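Coordinate-derived values only; no laboratory data. Only a predicted model underlies this, so the values are computations on that prediction, with no experimental measurement involved. With ideal geometry, Cβ positions are generated from the backbone for all residues, glycine too; neighbour counts draw on all protein chains shown.
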Amino acid sequence: MEERMKRAGAGRVARLKKLIIGALVILLILPNITGIYLVIKQASIEKRVNNLAAEVADMKLKGFSHVGRLDGAERLAIAEALMEPEEMAGNTAVADLPGENTGAGLLSDEVVWTFSGGGDVSEAAHKVYLTFDDGPSAYTDDILDILDSYGVKATFFVVGKESESDLEAYKRIVEEGHTLGMHSYSHVYSKIYSSEENFTDDLDSITTLLESATGKEPQFYRFPGGSSNSVSALDMHRFISILNDRGVTYFDWNVSSGDASGELLSAEQILLNATSGIENREVSVILMHDSLDKPTTVQALPAIIEKIQKIEGAAILPITSDTEPVRHVE
């Protein structure tokens, strides 16, 4: 009897040991299992978010009758919708037009723009700089086509992209006489502005990429969010000093098209924002974006150019070393 009780007690102790060991094993491996589960879950969520973002982008783009290149009829339709009737009556103050001086002529691909004041454009009373951030994109060629049709040069502050089409876009921008500037490589604010070292590494990356693609070292920079951004935890003067040491000139803007907002603005609103008050300023640096989710910027561009060209003494110019910088922070 006593022997049986000892064996039963020993059995209970053995089972208890097994339970304790099993519990310890579970406690040890549970964090790993939980970690693996969370990683899988995060990947699943990220995939869903990306899919939803793509669907939203598709929905936005399907809201427009045309995605891609704008033909003459579409440009005319946009201008007719955005301009006042008297503005469409025809005006040769800033354009030499073939044929009759009509509204349709203003939207023709054969328009050859000339400075309304005559002579050197440096004498223009109103210097206007069209600048496009965040490219290249699927719209870069469309933007370049529109600029070319009006004989207008602009400035592109681009980010780092290395597909074949992106490299060709960098080359085309330079070859067609536009200014190619830097807008960081990654455009990730938290990374770029976290330290001087990270900023420098990012600057090196975009400089090397653009020089390799075009054969020319970029000389101009636009800070992501502008020099007055509220994201950087460090004093922006520390990053400005890095640019100064390299002889790189940075530009902000004093006119915003409004297309940087999360809301997709109409082409009409972008036109109004981009051209407001130009006749009251000697220099207007207009902020626009070259991005797949900004189709109305492309749609508004012909009307923006034409409205500027109608302003007496206005000249649309690319940023050069002679351009007086517009800056939020000196």
For Val283, residues with placed amide H under 5 Å, excluding near neighbours: Lys127
Amide H partners (placed H, <5 Å) of Ala138, local residues excluded: Leu292
Subset of Lys161/Lys216; Lys153/Lys216; Lys161/Lys307; Lys153/Lys310; Lys17/Lys41 violating a 27 Å alpha-carbon distance limit: Lys161/Lys307; Lys17/Lys41
Order by protection proxy (mean Cβ within 10 Å, highest first), peptides 148-160, 271-283, 293-305, 19-31: 293-305, 148-160, 271-283, 19-31
Inter-label distance for Asp245 and Glu282, nm, one decimal - labels placed 7 Å from Cα along Cα-to-Cβ: 3.3 nm
Calculated from backbone phi, Karplus (6.51, -1.76, 1.60) coupling profile of segment 272-279 in Hz, x at Gly/Pro: 5, 5, 6, 10, 5, x, 4, 5
Sequence-distant residues sharing a close amide H with Asp133 (under 5 Å, placed H): Phe157, Met288, His289, Asp290
Phi-based couplings in Hz for segment 177-184 (Karplus 6.51, -1.76, 1.60; Gly and Pro marked x): x, 8, 9, 9, x, 9, 10, 5
Spin-label proximity, Glu324 to segment 268-288 - amide N less than 19 Å from point 7 Å beyond Cα toward beta carbon: 277-287
